[in-house]
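For reference, the structure is listed below as C-alpha cells.
The values are calculated or read from the model by the stated rules, or taken from the named source; none is laboratory data. Model, not experiment: these values are computed from the prediction. Note: ideal-geometry Cβ built from the backbone for every residue, glycine included; neighbour counts use all protein chains shown.
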Amino acid sequence: MTKKSKIHNLAELKAEIARLKILKNEQEAYLKSQVKLLNHKIETPVRIFNALKSNIPGANIISGLFASTNSGGTNSDWVTKALRIGVPFVMNRFFFKKAGVLKKALLLLASEKALGQVNQDKISSIIEKVTDFIKPKKNKKKKVDMEKLPVVEDQVNEYGIPSYSETY
C-alpha cells in the first residue's frame, strides 16, 4: 500500500509544515492541561491528609522523624532521630513505670537535649575504638625486600689462613 502525497510544490510544503506546527502546539497544550489536571487529582489526598495531620496533636513529632532538619535547625541523622524517640520510650517503659506525668515529661525533655548531641559519627567512632581495643595486636614480621638489599659480591677464596682465625 503506497501513500500518495498531497504536496506537489514548495508552497504546499510550507503550508503543510505550518499546519503540522499548529497541530503540534495544540497537542502539547492538551497534554499539559491533562498533566495539570492529573497532578491536581493526585494532590487532593495529600492536601486532605495534611489538613487532618494538622489537627492531630503529636503528628508533627512523627513527621519530624522523616524531615531533614530537627527543631534546633541542625542536621540530624537517622540514629539521632531514632534515639530521640526510643530512649524516652524505653526509660518510661522499663525504669519509670510508676513515675508521674511530670517526671516523665522532664525525662523526655532531658533525654531529647542530651541525645541531640549524639550522632552517627560519634557512635561509629566509639565502636571503632572498642573494636580496636578488642582486636588482638598483630605481630607483623617485616618482609625482607630482595631488591633493596645491598649487593654482596662473591669473595675470591685465597686458600690461606684467614685473618679472623688468628689467635692472640
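Things to note:
Per-residue answers, yes or no, for (1) modelled with pLDDT of 70 or more; (2) surrounded by fewer than 10 Cβ atoms within 10 Å (Cβ to Cβ); (3) touching a strand residue (DSSP E or B) at 6+ places or on another chain (Cβ under 7 Å):
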{"position": "Asn75", "(1), (2), (3)": "no, no, yes"}
{"position": "Thr80", "(1), (2), (3)": "yes, no, no"}
{"position": "Lys97", "(1), (2), (3)": "yes, yes, no"}
{"position": "Ser111", "(1), (2), (3)": "yes, no, no"}
{"position": "Ile127", "(1), (2), (3)": "yes, no, no"}
{"position": "Thr131", "(1), (2), (3)": "yes, yes, no"}
{"position": "Asn139", "(1), (2), (3)": "no, yes, no"}
{"position": "Ser163", "(1), (2), (3)": "no, yes, no"}
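- Any hit, the stretch 39-48, residues being acidic (Asp, Glu) and either at pLDDT 75 or above or exposed (fewer than 10 other Cβ atoms within 10 Å of the Cβ) (or both): yes
- Residues that are under 14 Å from Leu107 (Cα atoms) and basic (Lys, Arg) within the stretch 79-93 comprise Arg84, Arg93, listed in sequence order.
- Close Cβ contacts (under 8 Å, 6 or more residues apart or on different chains) running from residues in the stretch 95-123 that are of a type in the set (S, T, N, Q) to residues that are modelled with pLDDT under 80 and surrounded by fewer than 14 Cβ atoms within 10 Å (Cβ to Cβ) comprise Asn119/Asp77; Gln120/Asp77; Gln120/Trp78.
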